[in-house]
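Q: The structure that follows is given in the form of structure tokens.
The numbers here are math on the coordinates, done by the rules we state, and not lab data. Since we're looking at a predicted model, the values are computed, not measured. Cβ placement follows ideal geometry from the backbone for every residue including glycine, while neighbour counts extend to all protein chains displayed.
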Amino acid sequence: MLLPCPRAPLATGPLLLLLACSGRTAGPVDTADTVDSAPPAPLVWDDAAAPIDCAPGGAAPLLDAALEDADLPRADFAYTDAEWAIWGDLVDNKYVLSWFTTVHHDPEQAPCFAGQLQADVDTALTTAHPVSSAIAVWSTHLDVTLPDTDPPNDTSTLAGIFARFPGPIEDPADSAASLVALDPDLAAAVGPILSTIADALDLRAAMDTSVSEQDSKLPKQLFKGGSGMVLQSAYLTPDYTNTDEMKWFGKWYPKEEGPRQVFAIAARNIAFAIEQANLTRFLGSTALTSEWVFHTSAGAVRVSPASDDTHDDADGTTLFHLELGGDDLWTGSAGATIAYDNPASIAVDLGGADAYGYEEVPSSEDPVGALVSDADGRQKVSGYFISESSNGRQGSGRYGVGMLFDLGGANDTYTSLRMSQGFGSMGVGVLYDDGGDDAYAGEAGVQGASVFGLGLLLDGGGNDSYVAWAFSQGFGYSGSGGLLADAGDGADTYWSDPGNNYGGTTLYASPQLPNGEGNSSFTQGAGFGLRGDSVGVYMAGGLGMLRDGGGDDVYTAGVFAQGTGYWEGTGLLADAGGDDVYDALYYAEGGAAHYALGILVDGGGDDQHNTLFAPYYMMLGAGHDYSVGVMIDESGDDIVVVPGLALGASNCQGRGVYADNDGSDTYIVSSTYSTGLGNHSGECAGRSDYTGSSAVFMDSGADADDYQWPADDTARAPADNTSFGLAWEGTDDEHGGAVDGDGETGFHAR
């Protein structure tokens, strides 16, 4: 039995009851105050993708040959639970996602995991409710339990729904008059959306009550400081140096009453209501000649006419904004919760070539090549001036739900600094653009990124460009996930600024590189966790994914990018196919470090890897320190430039897999310290009694390949139909296998 959502905030106990509320108006409903007294037909959620046909451990002669070359039984390529348990609290904590251990421990699980994620995202984007479906898919992979209830479908009048909003109406007389003035069809369409927003407000109010019992200051601290764990900020909540605070947070955040669960369900409902309303039928409507506004204590509800308008909501007072068309300029929040008292902010623009930006406030500290500052300016970190912007924009949910829908398929531009363009922190942020040649630019925490939340950027197709510096383009921090999904087969450009020495601007200097020459990216499919050695606090990383539907794409990044993980984080870059260009510097293209998982899968095409600038180490299927790195290329005549510790390489108990399933490929190898390498460096010299380091290189297909091998290593120079793996020091726990032949690898970009 579904119960009506209450008007007043509830205490902690009934919080979960709210998750299954029906969305009906609280209290008795007068039949004169309803559109239709007959019960509405139940709505249904869209079907999810079916399980893909994939089972690890099947017949794979080429994998067997590579492992034989590595002198390693196939069963020993996986980690055991006993080996994992050696590290105790470092790897066993409340933030480990439920599927991580299974997938991480056995490299043969990686293609099935990646294939299912691809199928889930692709299917979601083709449903009648793509945003709602994508939120559901992403929530499920982040261990959110979705309630087994029908989608919301409140058919009450707009007046009845507004009565549900907490607190007094700002001006009852004006509001009543404005309700009469709104087009009835439009009012009927907007009503169910506002009902789901009211549900979200109830849930946030109940959460505030619960959290305040721990500390009355915590609700506002969660809003202000949740992103501080990753994005440099004066505020930090939770404070990982505070043992009591971390214990409370570890019990609260992952549970059903935590924000990951509560706001994911609320966001799914809101998105479904928007998509079910078919608002595009009002594009260009002449029924409205000036902006209609209804003020509530929770924020303003606005409907703007189909004209070229400028919208500025700098103080975060908009609850819902529907724009009926025109080439508009949005300089404010545009669907972002930028104030604590504004727990939900939803914007829908029905059409036009729109520009989403912010009020620029140039600073003398703005580096050449960086975006212009806003009023918050910049801060100096490690010698470089990074943005200190505290305002999320363009689909940013901080301790609430923020969503921006841009419809109509025109060419739009999006520019912000931080926490924008599909960013979630203690909440859910979504940016959905249904098509067109769009340009996205931001600095950090943008374009499908999350820090303790869900962040999704979903683009329906076109030739798009994405520019960012750090923690973006499919980035997930501990216990959370970020998704950038670009559908269609457009020629897209993903630029994660690599730094000063590579045609960019260093802002987030990488400690792996000297003299600030490159940026620490964590972009283009990156999962990141907390390694708090100084205080003994460890938090498993989240899930970051970049999914591109095809076309000739260009990917450029610095350090940690393009399917990478750090500290039990999981990163996946999945490209459906096309003649693609990949360039990165270090820990990239299926390279991971410290108990993590990094995967790059390419569905086919004549690709180029690292031809723009010389890369460093740990790339193209490389795992360091109990990490698993996997690179799969399905087909095509590829050019691959190889540094050391790459192309199927492992170090310090890592696992690495490189699998090329077809094509005439060219491998330009700068160091034979690669290409089917098992290695123990001095960093892990005392671990010889633990599991070994293992990696395999497999090039399949009957086509001839070209290996441009260093002249000083003729003894190991590969050729077609040969084995040439390497245990670098020749110890018993170094296992490197490499095979060029024709046969099944067991690793596919499904």
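Q: At what distance in nm do the modelled label points of residue 714 and residue 243 sit from each other, each positioned 7 Å from its Cα along Cα→Cβ?
A: Taking the two extended label points, one gets 6.4 nm.
Q: Based only on the alpha carbon positions, what is the Kirkwood hydrodynamic radius of segment 588-718, in angstrom?
A: Hydrodynamic radius (Kirkwood, Cα pairs) of segment 588-718 is 14.4 Å.
Q: For the chain, give the magnitude of the charge dipole about the Cα centre (Cβ charges: +1 Lys/Arg, -1 Asp/Glu; no others), in debye to the nearest 20.
A: 3160
Q: As a check on your grasp of the helix formula, calculate [θ] at 222 nm for the chain: sum -39500 (n - 2.57) over DSSP H runs of n ≥ 4, divide by the residue count, round to the nearest 500. Mind dumping the intermediate values first?
A: On the way: 12 runs with 134 residues, N = 750.
That calculation yields -5500 deg cm²/dmol at 222 nm.
Q: Same structure again: Taking the Cα centre of segment 534-679 as origin, work out the dipole magnitude from +1 charges on Lys and Arg Cβ and -1 charges on Asp and Glu Cβ, in debye rounded to 20.
A: So the dipole magnitude of segment 534-679 works out to roughly 900 debye.
Q: Something else now. Over the alpha carbons of the chain, what is the largest minus smallest coordinate on each principal axis, giving the biggest first in Å?
A: If we take the Cα atoms of the chain, the spans are 88, 54, 48 Å.
Q: Here's a follow-up. Return the loop-located chymotrypsin sites (Phe, Trp or Tyr not before Pro) in segment 341-444 (DSSP other than H, G, I, E, B) with at most 16 other Cβ atoms within 10 Å of their own Cβ; answer none if there are none. Present the calculation step by step, with values, prior to reporting the outcome.
A: Details: sites: 356, 358, 384, 385, 399, 405, 414, 423, 432, 440; in loops: 358, 399.
Here no loop site has a sparse enough neighbourhood.
Q: Follow-up question, since we're still on this one. Quick one: Kirkwood hydrodynamic radius for segment 211-348, alpha-carbon pairs, angstrom, one decimal?
A: Numbers: mean 1/r = 0.0577 Å⁻¹.
Radius from the Kirkwood sum: 17.3 Å.
Q: Name the GluC sites (Glu not before Pro) in segment 360-412 that are in a loop by DSSP and that have at most 16 other C-beta atoms within 10 Å, would you?
A: Those satisfying the criteria are 360, 365.
Q: Test of the criteria: in segment 680-745, which GluC sites (Glu not before Pro) are in a DSSP loop and have at most 12 other Cβ atoms within 10 angstrom of their Cβ? Walk me through the numbers before you get to the answer.
A: On the way: sites: 683, 729, 734, 744; in loops: 729, 744.
Hits after loop and neighbour filter: 729.
Q: Using θ = phi - 60° and the Karplus relation 6.51 cos²θ - 1.76 cosθ + 1.60, list the HN-Hα couplings for segment 420-430 in order, rounded to whole Hz, with x at every Gly or Pro.
A: In residue order, the calculated couplings are 9, 6, x, 10, x, 9, 6, x, 10, x, 9 Hz.
Q: Something else now. Before anything else, pin down the relative contact order of the chain: Cα pairs under 8 Å, at least 6 apart, normalised by residue count, whole percent.
A: Rounded, it is 10 percent for the chain.
Q: OK, next. Going through the cross-link list 94/247; 94/255; 224/255, which pairs have a Cα-Cα distance over 18 Å in this structure?
A: Check vs 18 Å cut-off fails for 224/255.
Q: Moving on. Is segment 443-575 rounded, prolate or oblate when judged by the Cα gyration tensor, a ≥ b ≥ c being the square roots of its eigenvalues, rounded requiring a/c under 1.5 and prolate requiring a/b larger than b/c?
A: Values: a/c = 2.38, a/b = 1.25, b/c = 1.89.
Because a/c hits 1.5 or more and a/b fails to exceed b/c, segment 443-575 counts as oblate.
Q: Next question. Considering Cα pairs under 8 angstrom that are at least six residues apart, work out the relative contact order of segment 265-357 and quote it in whole percent.
A: Dividing the mean separation by the residue count of segment 265-357 yields 24 percent.
Q: If you line up the long axis of helix 259-276 against the longest principal axis of the chain, both from Cα atoms, how many degrees apart are they, to the nearest 10?
A: Approximately 70 degrees, to the nearest ten.
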